[in-house]
Every structure is written in structure tokens, then in C-alpha cells.
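The values are calculated or read from the model by the stated rules, or taken from the named source; none is laboratory data. Bear in mind that the values here come from a model prediction, so they are computed numbers and not experimental data. Don't worry about glycine lacking a Cβ; one is built from the backbone with ideal geometry, like all the others, and counts go over all protein chains shown. Quick note on the areas: whole protein, heavy atoms, side chains included, nothing else; ligands and nucleic acids left out. Shrake-Rupley method; radii C 1.70, N 1.55, O 1.52, S 1.80 Å.
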Amino acid sequence: MIKINIKDRNGNNHEIDADTDYTLMEVLRDKGFDIEASCGGCCACATCHVYLCDNWLSKIKPIDDDEEAMLDQAFNVKKNSRLSCQIELSDELDGLNIEIAQE
Ligand code: FES
């Protein structure tokens, strides 16, 4: 289990426990956060868009071409944008700090 800090779309902060057998999107969805993830994690919808806060962007697997192409079609994209379905949780991500992007 790892801890993840999440700012939701209303600006409220949450700390949750997350199992590292899942992707970040799966954890957000299963914990009831407002994230559509309409493609189910196939990198085909960009409705699982999050921002990685602090220095976490540099600590996760780099973005690949498919994710970058999908983010190009998303709204409110920032330098620290990622698709949460492409982030596989691991012990190294304990303390991860993210914000759920506006739709
Ligand atoms: S769930 Fe569709 S791109 Fe992540």
C-alpha cells in the first residue's frame, strides 16, 4: 500500500491508501473520484487526465507517443499533465501528489 494525495475538481484535498497492483486511474475510479475514464484505460479517451504536482512528473515512466497524442486532444493541458491510466503504481510512488484536471 502507498499513500496518494489528491486534489479533486472542487479543490478539496484527500489522502488515500492505494494498492500498487493497479493503475492510478483504476484507484481513482474505484475510490469514487469524479473521473470518467470512458475507454477503461486503453489510452483512447483522455478523460482520466491529471496533473502531477511537485516533482512527481520526473519520477514516473516517461510519456509515450500514444499518450502524448491523446493528451493533444485533451482540454486544459499543462506541462505536468498525464493520463492516469498510463501510470502504474509502485512503491516508489508512495506520497504521490496529483490534481484531477477539469473536464
Ligand atoms: S481511461 Fe481513457 S485514456 Fe485513460
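Open to solvent by 40 Å² or more (accessible area, probe 1.4 Å), part of a loop (DSSP other than H, G, I, E, B), more than 19 Å from GLN102 (Cβ to Cβ) and at pLDDT below 95: is that true of ASP54 in this structure?
Working: open to solvent by 40 Å² or more (accessible area, probe 1.4 Å): yes; part of a loop (DSSP other than H, G, I, E, B): yes; more than 19 Å from GLN102 (Cβ to Cβ): yes; at pLDDT below 95: yes.
For ASP54, the condition - open to solvent by 40 Å² or more (accessible area, probe 1.4 Å), part of a loop (DSSP other than H, G, I, E, B), more than 19 Å from GLN102 (Cβ to Cβ) and at pLDDT below 95 - is met.
Taking the condition of being assigned to a helix (DSSP H, G or I) and either on the phi > 0 side of the Ramachandran plot or near the ligand (Cβ under 10 Å from one of its atoms) (or both), how many residues in region 70-95 meet it? Give the steps one after another, and end with the answer.
Initial filter on region 70-95 (assigned to a helix (DSSP H, G or I)): 70-71, 84-86, 91-93.
From what is left, the residues that are either on the phi > 0 side of the Ramachandran plot or near the ligand (Cβ under 10 Å from one of its atoms) (or both) are 70-71, 84-86.
Result for region 70-95: 5.
What's the number of the condition THR20 fails, among (1) open to solvent by 20 Å² or more (accessible area, probe 1.4 Å); (2) within 16 Å of the ligand (Cβ to nearest atom)?
It fails just one condition, (2).
Pairs please, first residue from region 46-62 and over 13 Å from GLY95 (Cβ atoms), second anywhere and in a helix (DSSP H, G or I), Cβ atoms under 6 Å, 6+ apart in sequence or on different chains.
ALA46/MET70; CYS48/MET25; CYS48/SER84; CYS48/CYS85; VAL50/SER84
Report every pair of residues separated by at least 6 positions or lying on different chains whose Cβ atoms are under 7 Å apart, first residue within region 28-42 and open to solvent by 40 Å² or more (accessible area, probe 1.4 Å), second within 6 Å of the ligand (Cβ to nearest atom).
Short answer, once both residue conditions are applied: ARG29/ALA37; GLU36/THR47; SER38/CYS45; SER38/THR47.
Go through (1) at pLDDT 95 or above; (2) not in a strand (DSSP E or B) one by one and return the number of the condition PRO62 breaks.
(1)
Inside region 31-69, can you point out the residues that are of a type in the set (Asp, Glu), within 13 Å of the chain's Cα centre (by Cα) and within 13 Å of the ligand (Cβ to nearest atom)?
Within region 31-69, the subset of a type in the set (Asp, Glu) is 34, 36, 54, 64-68.
Checking which are within 13 Å of the chain's Cα centre (by Cα) leaves us with 34, 36, 67.
Of everything in region 31-69, those that are of a type in the set (Asp, Glu), within 13 Å of the chain's Cα centre (by Cα) and within 13 Å of the ligand (Cβ to nearest atom) turn out to be GLU36, GLU67.
Checking LYS3 against (1) touching a residue at least 60 places away in the same chain (Cβ under 8 Å); (2) within 16 Å of the ligand (Cβ to nearest atom), which single condition isn't satisfied?
Every listed condition holds for LYS3 apart from (2).
If I ask for residues that are touching a Cys at 6+ places or on another chain (Cβ under 8 Å) and charged (D, E, K, R), which ones from region 45-103 would you list?
To start, the set of residues in region 45-103 that are touching a Cys at 6+ places or on another chain (Cβ under 8 Å) comprises 45, 47-48, 66-67, 70, 80, 83-86, 97-99.
Those that are touching a Cys at 6+ places or on another chain (Cβ under 8 Å) and charged (D, E, K, R): ASP66, GLU67, GLU99.
Mind checking which residues of region 1-15 are open to solvent by less than 80 Å² (accessible area, probe 1.4 Å) and assigned to a strand (DSSP E or B)?
Scanning region 1-15 gives ILE2, ILE4, ASN5, ILE6, LYS7, HIS14.
Among the listed residues GLU15, GLU26, which satisfies the condition of being within 13 Å of GLU88 (Cα to Cα) and charged (D, E, K, R)? It would help to see each step written out before you state the result.
Details: GLU15 fails: within 13 Å of GLU88 (Cα to Cα).
Answer to the selection: GLU26.
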